[in-house]
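Enquirer: One structure coming up, written as structure tokens, with questions to follow.
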Amino acid sequence: MMGKLSIEELAVFCKRKGFVYPNSEIYGGMAGFFDYGHLGVELKNSIKQEWWKSHVHQRSDVVGIDGSIITNPKVWQASGHVANFADIMAECGKCGNSVRADHIVEDKAKVSTTGLYAPDLQKLIYKHKVKCLRCGSDEMKVTLPFNLMFKTTVGPSQKKEAEAYLRPETAQLIFADFRLVQENARMKLPFGIAQIGKAFRNEIAPRDFLFRCREFEQMELEYFVHPKKVGECPYASEFYGYELNILTSEMQQKQQPHRKMKVKEMLDRKLILPWHVYWLSFEHRWFISLGAKADNIRIRQHVQEEKSHYAADTWDLEFNFPFGWKELEGVANRSDYDLQQHIKASGKDLSYFDEESKSKIVPHVVAEPSLGVDRAFLVFLFDAYEYDSKRENIVLHLHPKLAPIKVAVFPLLSNKDELVAAAKKIYGELRQNFSCFYDESGAIGRRYYRMDEAGTPYCITVDFDSLKNHDVTIRERDTTKQARVKISDLPHIVWQLLSGMIGFDKL
Ligand code: GAP
């Protein structure tokens, strides 16, 4: 593989190694749906565990929930999704092919369609002679918006009253449960409620592998602040010296590229509010701490026209995908929009009693970090993937915390019973605490290479000296360096290596 890995090449790799399969492939598949394989499920679970650990367990100001996928449809009326969560379509007058209007304009005219309404898109279709992708006719007409929520019916009735939606985001469950969670967990402002779970969007054009699918998973956090304290973030100074690639809406209007800037300078120049930059930095640091590359991530402010119906200000964490800089994670300032909407629609009191002022207030969501697990999955794979020309092999430099298999155990030769027995004993012990793999097939070099491709950080080989000296060879994926360690020390050493407490050089 030469040059930058394409999304198609990554998809082929993922299928070959058992990370991701096209869903129901034996029946021709289904666009926008995927199945995670034996390595993929481990990587995905590790991403979710690491996110939960850093966003919930390690913070005293955040608790979690796990809401249901189907909920009372009034939730989606109140949130604005029934009215607004739609894409503008264009239909071919000749063959009836229906596509997203913004996509066909962007693909043909190479212009941004951000914030454009139906008449603007129609003008661009005429101006750039955009043709039907299926039959080639020039009769593409902009039609009614298409709502992206999947519908279903609840119970045996097929009537309108039985209709419900699969949730298009996890966030609304947090707002609907706000009062219960706040009171029962006795949370004091400022605080957050987090959730990980499936979301569904009937995307008109699912594309770029896992980037835009119809069923995906989100890791979301709503951070609530007293309305009078939205400008004061006690934690922002933690990141003053932190550097990010920044692209403000003004820089976009002036067609300037992103540039590096310290958080302190952003705040001094009033480019962004303290809570907002705090959460963007927190999210950015989470990615970097797990192996993503800082140069491939930037923060970009939404221009006025592209903001969602609920957002006062939104910044995205964008990743430099092979198909361009695209949204990896949205961090919106939702103000008190959602709680107020649910108060109005349900008639219930969702306010918070402020001890200081002895009054009821409706908190503001100053930041909503909202990350797709599947997009994070892509980012960690892209930044880990390397074709090593010396080894003539792919090496997946996944962070040990994310690696699907933490350690592999091999007997040097498979036809020597004593080696096999000793290796299986070690495998049996390590397996109690780490995801582990045993392999005795093929030459030892091939076994190492298979593990390099799976992203396994450490391999252990049992040889004839092991039987005499009670030690084994441990090999590090990234450097291919090897060291001898005592079998009795293995569980502790593997744990220290994986948690980063010691480096391989210390062995
Ligand atoms: N609650 C806010 C919200 O849902 P969003 O920008 O629509 O905001 C948040 O989605 C994140 O969910 C995105 O940044 C992306 O990571 C992920 N996401 C959204 N649509 C997706 C899709 N069709 N396929 C995969 N991931 C998606």
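A quick yes/no check of all residues on (1) among the small types (Gly, Ala, Ser); (2) at negative phi; (3) out of contact with any Asp or Glu (no Cβ under 9 Å at 6 or more places or on another chain):
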residue: ASN433; (1), (2), (3): no, yes, yes
residue: TYR449; (1), (2), (3): no, yes, no
residue: GLU453; (1), (2), (3): no, yes, yes
residue: THR461; (1), (2), (3): no, yes, yes
residue: SER466; (1), (2), (3): yes, yes, yes
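Enquirer: Let me ask another. Looking only at region 146-156, count how many residues are within 16 Å of the ligand (Cβ to nearest atom) and assigned to a loop (DSSP other than H, G, I, E, B).
Expert: 3
Enquirer: Can you say whether HIS284 is assigned by TED's automatic domain parsing to the domain that holds GLY372 and part of a loop (DSSP other than H, G, I, E, B), as far as the supplied structure shows?
Expert: Against the criterion (assigned by TED's automatic domain parsing to the domain that holds GLY372 and part of a loop (DSSP other than H, G, I, E, B)), HIS284 does not qualify.
Enquirer: Filter region 305-320 for residues that are farther than 21 Å from PRO227 by Cβ, touching a Gly at 6+ places or on another chain (Cβ under 7 Å) and open to solvent by 30 Å² or more (accessible area, probe 1.4 Å) and give the result.
Expert: Passing the criteria: GLU305, GLU306.
Enquirer: Which condition number does MET187 fail, the rest of (1) open to solvent by less than 30 Å² (accessible area, probe 1.4 Å); (2) closer than 24 Å to PHE382 by Cβ being met?
Expert: Going through (1) open to solvent by less than 30 Å² (accessible area, probe 1.4 Å); (2) closer than 24 Å to PHE382 by Cβ one by one, MET187 breaks only (2).
Enquirer: Conditions: (1) open to solvent by less than 40 Å² (accessible area, probe 1.4 Å); (2) of a type in the set (A, V, I, L, M, F, W, C); (3) at pLDDT below 95. PHE178 meets all but one. Number of the miss?
Expert: For PHE178, the exception is condition (3).
Enquirer: State whether one or more residues within region 229-241 are within 14 Å of the ligand (Cβ to nearest atom), touching a residue at least 60 places away in the same chain (Cβ under 8 Å), open to solvent by less than 60 Å² (accessible area, probe 1.4 Å) and not in a strand (DSSP E or B).
Expert: No; the residues of region 229-241 include none that is within 14 Å of the ligand (Cβ to nearest atom), touching a residue at least 60 places away in the same chain (Cβ under 8 Å), open to solvent by less than 60 Å² (accessible area, probe 1.4 Å) and not in a strand (DSSP E or B).
Enquirer: Restricting attention to region 32-58, which residues are under 15 Å from GLU220 (Cβ atoms) and either free of Cβ contacts under 8 Å to residues at least 40 places away in the same chain or open to solvent by 10 Å² or more (accessible area, probe 1.4 Å) (or both)?
Expert: Passing the criteria: LYS48, TRP52, SER54, VAL56.
Enquirer: So which pairs qualify, if the first residue must be in region 406-425 and charged (D, E, K, R), the second must be open to solvent by 60 Å² or more (accessible area, probe 1.4 Å), the Cβ gap must be under 7 Å, and the two must be at least 6 apart or on different chains?
Expert: So the pair list comes out as GLU418/LEU467.
Enquirer: Then there's this: Pairs, please: C-beta under 8 Å, at least 6 apart or cross-chain, first residue among the small types (Gly, Ala, Ser) and in region 379-398, second modelled with pLDDT of 95 or more?
Expert: Short answer, once both residue conditions are applied: ALA384/GLY291; ALA384/LEU396; ALA384/HIS397; ALA384/LEU398; ALA384/HIS399; ALA384/GLY455.
Enquirer: Further question: Do the conditions hold for VAL373, that is, is it over 20 Å from the mean Cα position of the chain (by Cα) and either at pLDDT 95 or above or assigned by TED's automatic domain parsing to the domain that holds PHE191 (or both)?
Expert: No: the conditions fail for VAL373.
Enquirer: Considering every residue within region 157-175, establish whether at least one is touching a strand residue (DSSP E or B) at 6+ places or on another chain (Cβ under 7 Å), open to solvent by 50 Å² or more (accessible area, probe 1.4 Å), among the aromatic types (Phe, Trp, Tyr) and in a strand (DSSP E or B).
Expert: Among the residues of region 157-175, not one is touching a strand residue (DSSP E or B) at 6+ places or on another chain (Cβ under 7 Å), open to solvent by 50 Å² or more (accessible area, probe 1.4 Å), among the aromatic types (Phe, Trp, Tyr) and in a strand (DSSP E or B), which makes the answer no.
Enquirer: Return only the number of the condition from (1) away from the ligand (no atom under 16 Å from the Cβ); (2) open to solvent by 50 Å² or more (accessible area, probe 1.4 Å) that TYR337 does not satisfy.
Expert: (1)
Enquirer: For region 61-74, give me each residue that is hydrophobic (A, V, I, L, M, F, W, C) and either in a loop (DSSP other than H, G, I, E, B) or open to solvent by less than 20 Å² (accessible area, probe 1.4 Å) (or both).
Expert: Those that are hydrophobic (A, V, I, L, M, F, W, C) and either in a loop (DSSP other than H, G, I, E, B) or open to solvent by less than 20 Å² (accessible area, probe 1.4 Å) (or both): VAL62, ILE69.
Enquirer: Ok, one more. Being within 14 Å of the ligand (Cβ to nearest atom) and open to solvent by 20 Å² or more (accessible area, probe 1.4 Å) is the filter here; which residues of region 371-388 pass it?
Expert: Matches in region 371-388: ARG375 only.
Rundown of residues vs (1) in a loop (DSSP other than H, G, I, E, B); (2) within 16 Å of the ligand (Cβ to nearest atom), yes/no style:
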| position | (1), (2) |
| --- | --- |
| ALA11 | no, yes |
| CYS14 | no, yes |
| GLY29 | yes, no |
| GLY32 | yes, yes |
| GLY40 | no, yes |
| LYS48 | no, yes |
| TRP51 | no, yes |
| SER54 | no, no |
| ARG59 | yes, no |
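Enquirer: Restricting the search to region 161-218, which residues are within 14 Å of the chain's Cα centre (by Cα), within 10 Å of the ligand (Cβ to nearest atom) and basic (Lys, Arg)?
Expert: ARG212
The values are calculated or read from the model by the stated rules, or taken from the named source; none is laboratory data. Here the structure is a predicted model, which is why all the values come from computation and not from measurement. For neighbour counting, all protein chains shown are included, and Cβ atoms are generated from backbone atoms with ideal geometry for every residue, glycine included. Heavy atoms of the whole protein, side chains included, go into the accessibility calculation; ligands, DNA and RNA do not. Shrake-Rupley method; radii C 1.70, N 1.55, O 1.52, S 1.80 Å.
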